[in-house]
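The values are calculated or read from the model by the stated rules, or taken from the named source; none is laboratory data. Remember, it's a predicted structure, so these values are computed and weren't measured experimentally. When we count neighbours, we look across all protein chains shown, and the Cβ atoms used for this are built from the backbone with ideal geometry, even at glycine.
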Amino acid sequence: MGDTCIFTWIVVKYIKMAEDLPLPHFSCGNTRRKGFFSMNKTRRICWLMTICLAFALLIPCAALSVSAASGGVTITETVNIAQANKNMEGHGYSWANRYDILTLDGIHLDTTSDYGLRLPKNCTVVLEGDNYIKAAKYALSCAGTVVFKGDGKLTLEAGEIGMYLYAEDGTQKIRLLDGTYEIHAGDYGVYSIASDFSFVDGSMDITVDNAEGAAVSGRIVNLLGGSFKANNAVESSHMLIVDGVNLDVTAPCAAFSSKNLTVEDIALTSGGSAIEAYTDQTQISGKSTAKDVRPSVIFGENVSGVVDYICLVLVIAGLAALIVIPVLRARKKKAALLARLEQENPDAAAVLKR
């Protein structure tokens, strides 16, 4: 407070000293210049100090305005991208309609409405920074396939379901390729009626209040990498694959439940003791023993990244062939012409060889 008072006093002092000074102006030709250059030294210094202090005041004010405009804003209504037909932008989010990409960068959504963020099918969500979404029933709802990626964080809080895929088409799916996720929900962390859920990499921590609910429930559930923690069961109606993921699941019933369950590439423990295989334990922990194989950027996560390097080598070899082969042909043609010229005109051939 003292520094602020001193700074304000200095500004007022110099403004008072400069308020009666003439504004700088200039004339052309041989007319004598008046104004700023005709002032004595003290007055010029006063003017310069006043201008500098004015800028010093304006810059922090501008910075505060930008900060207020870009952060610290809470959205209190549902953000509905499901019916979007043009670009949309708001505090902490932007929707590129042409590419079906939603970027979340610092969104803070807290609403008493049933829905927090509604997404269309066949879209991609890019996570940047810390993002928070809270709703009365469904924090995030998806009409169809959604792919999440990015190095940001997404926190979901919901009265019923954190992440809800309500499509009844078995070809639809939620895929979390990377990022950090924290979900706190009343009944289900992730719920999919008839579609699939895949957690490929990143970090996920799910807390469910209802003991009869589930951390994840879907038709097909895949936990394929990263770190997964939950205080309730992971269940699927058709198939559950737990492969190469770091686990920490404690449930009121069996930690995993499915008609077809596969648990691979994990060193399992239960109650602090190592176990050979999962057999309906309520508490299960595990450390991935899978080799870290980067998925293909070109062909998707089901193909090894080695294929990308093979394709790159083939492309480089093809480009080299396009460059080298014409050069070799040109040299061969030149040698043939020289040989012919040596027979017909040795002197001209000697000149060319030089």
Fill in the blank from the handout: Here the residues within segment 198-223 that are under 12 Å from G162 (Cβ atoms) and hydrophobic (A, V, I, L, M, F, W, C) are M204, I206, V208, A214, A215, V216
Exercise for the section: With the condition kept exactly as written, say whether any residue in segment 213-228 is at pLDDT 95 or above, more than 23 Å from the chain's Cα centre (by Cα) and in a loop (DSSP other than H, G, I, E, B). Expected result: yes
Handout entry: Residue in segment 192-202 that is crowded, with 23+ Cβ neighbours inside 10 Å, aromatic (F, W, Y) and farther than 18 Å from T111 by Cβ present
Key = yes
Handout entry: Residue list for segment 177-212, filter: acidic (D, E) and part of a strand (DSSP E or B)
Key = E182, D196, D205
Completion exercise
Selection from segment 275-299 of residues surrounded by fewer than 17 Cβ atoms within 10 Å (Cβ to Cβ) and either within 30 Å of L312 (Cα to Cα) or modelled with pLDDT under 75 (or both) yields T289, A290, K291, D292, V293, R294, V297, I298, F299
Handout entry: Residue check, N222 surrounded by fewer than 21 Cβ atoms within 10 Å (Cβ to Cβ) and assigned by TED's automatic domain parsing to the domain that holds Q83
Key = no
Practice task
Determine, yes or no, whether E235 is under 23 Å from Y164 (Cβ atoms) and among the acidic types (D, E).
Solution key: yes
Completion exercise
Taking segment 300-328 and the residues there that are assigned to a strand (DSSP E or B) and touching a strand residue (DSSP E or B) at 6+ places or on another chain (Cβ under 7 Å), the one that is modelled with the highest pLDDT would be V303
Exercise for the section: Specify which of the listed residues (A158, A211) is surrounded by fewer than 22 Cβ atoms within 10 Å (Cβ to Cβ) and among the hydrophobic types (A, V, I, L, M, F, W, C). Expected result: A211
Exercise for the section: Please indicate, with yes or no, whether at least one residue in segment 242-259 is within 18 Å of Y191 (Cα to Cα) and within 28 Å of the chain's Cα centre (by Cα). Expected result: yes
Exercise for the section: Could you tell me which residue of segment 81-133 is surrounded by the fewest Cβ atoms within 10 Å (Cβ to Cβ), considering only residues that are of a type in the set (S, T, N, Q) and without any contact (Cβ under 8 Å) to a residue 12 or more places away in the chain? Expected result: N87
